[in-house]
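The structure appears right after this line, and notes come after that.
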Amino acid sequence: MPELPPPRDPSGPYRVCLVCLGNICRSPMAEVVLRAAVAEAGLDVAVDSAGTGDWHIGDPMYARARAELTRRGYDGSAHRARQFDPSWLAGRDLVLAMDASNLASLRRLAARAGAVDRVRLFGDAAGMPGTEVPDPYGGDEAHFARVLDMLEAAAPRIAERLSALLSDEPKSSPSR
């Protein structure tokens, strides 16, 4: 499993952006769940989300996504959809795509910015290689519940990997 990229700024929070297509279902759900997992682990990690598409900018989280989060004790009410801006690549330590299609879009943007090493599939970052988070948009409660099950299984794994990365002391060079 590839290592997570090191922080760009070791003195600031590690910054993670979660990305799906419209930023109203998967990535905002993942943002809420991962934010809770890193908080529980006591990590200095900033988590946000965005979509590769622009048609939902400013919209709240999809009602079924928000309802499923609420059923499990999370609050997604403050979310407003945003489109991923390529300039963000310079300020994010890790960008996690929910599926292969969004991963490809993000990697094209990252190639121009020299940041491909910072763009990963969400499942890969969780140690679940190749696992994509399916889009539940238009599905019933069960679709959203399955997605949230996946996110709740993956987020603590990502938090654990971030904890290991961020607790590593910089290697000091021997004195001469």
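For R108, the conditions (1) buried (at least 19 other Cβ atoms within 10 Å of the Cβ); (2) charged (D, E, K, R); (3) outside any loop (DSSP other than H, G, I, E, B) are fulfilled apart from (1). For first residues located in segment 18-33 and modelled with pLDDT of 95 or more, partners that are of a type in the set (D, E, K, R) and not in a loop (DSSP other than H, G, I, E, B) and lie 6+ apart or on another chain with Cβ distances below 7 Å form the pairs L18/E31; C20/R26; E31/D48; V33/E152. Please go through segment 66-116 and give me each residue that is aliphatic (A, V, I, L, M), in contact (Cβ under 8 Å) with a residue 12 or more places away in the chain and more than 19 Å from G53 (Cβ to Cβ), ordered by number. Correct list: A67, L69, A90, L94, A113, A115.
Taken as a whole, the condition of being of a type in the set (V, I, T), closer than 19 Å to G53 by Cβ and touching a strand residue (DSSP E or B) at 6+ places or on another chain (Cβ under 6 Å) does not apply to V147.
Residues being of a type in the set (F, W, Y) and assigned to a loop (DSSP other than H, G, I, E, B) are represented in segment 126-142 by at least one member. Hey, does segment 72-95 have a residue that's more than 22 Å from M128 (Cβ to Cβ) and assigned to a strand (DSSP E or B)? Within segment 72-95 (the criterion being more than 22 Å from M128 (Cβ to Cβ) and assigned to a strand (DSSP E or B)), the answer is yes, since at least one residue qualifies. Go through the residues of segment 9-31 one by one and say whether even a single one is buried (at least 24 other Cβ atoms within 10 Å of the Cβ) and under 16 Å from L165 (Cβ atoms). Checking segment 9-31: at least one residue is buried (at least 24 other Cβ atoms within 10 Å of the Cβ) and under 16 Å from L165 (Cβ atoms). Counting residues in segment 49-57 that are among the aliphatic types (A, V, I, L, M), crowded, with 17+ Cβ neighbours inside 10 Å and more than 20 Å from R120 (Cβ to Cβ) gives zero. Just one of the numbered conditions (1) farther than 23 Å from Y14 by Cβ; (2) buried (at least 22 other Cβ atoms within 10 Å of the Cβ); (3) within 15 Å of the chain's Cα centre (by Cα); (4) not aromatic (F, W, Y) is not true of V133: (1). Checking R64, R15 one by one, the residue that is out of contact with any helix residue (DSSP H, G or I) (no Cβ under 7 Å at 6 or more places or on another chain) and among the charged types (D, E, K, R) is R15 and no other. Could you tell me whether segment 59-74 includes any residue that is within 30 Å of P6 (Cβ to Cβ), modelled with pLDDT of 95 or more and in contact with a Cys (Cβ under 6 Å, 6 or more places away or on another chain)? No: zero hits. The lone criterion from (1) closer than 20 Å to V116 by Cβ; (2) crowded, with 18+ Cβ neighbours inside 10 Å; (3) of a type in the set (A, V, I, L, M) left unmet by M61 is number (1).
Okay, residues lined up against (1) at pLDDT 95 or above; (2) aromatic (F, W, Y); (3) on the phi > 0 side of the Ramachandran plot:
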| residue | (1), (2), (3) |
| --- | --- |
| F122 | yes, yes, no |
| M128 | no, no, no |
| E152 | yes, no, no |
| E160 | yes, no, no |
| L165 | yes, no, no |
| P170 | no, no, no |
| S175 | no, no, no |
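Please indicate, with yes or no, whether at least one residue in segment 85-93 is out of contact with any strand residue (DSSP E or B) (no Cβ under 8 Å at 6 or more places or on another chain) and surrounded by fewer than 13 Cβ atoms within 10 Å (Cβ to Cβ). Checked against the condition, which is being out of contact with any strand residue (DSSP E or B) (no Cβ under 8 Å at 6 or more places or on another chain) and surrounded by fewer than 13 Cβ atoms within 10 Å (Cβ to Cβ), segment 85-93 yields at least one hit.
The values are calculated or read from the model by the stated rules, or taken from the named source; none is laboratory data. Everything numeric in this text was worked out from a predicted model, so none of it was measured. A quick note on method: Cβ atoms are made from the backbone with ideal geometry, for glycine too, and the neighbour counts reach across all protein chains shown.
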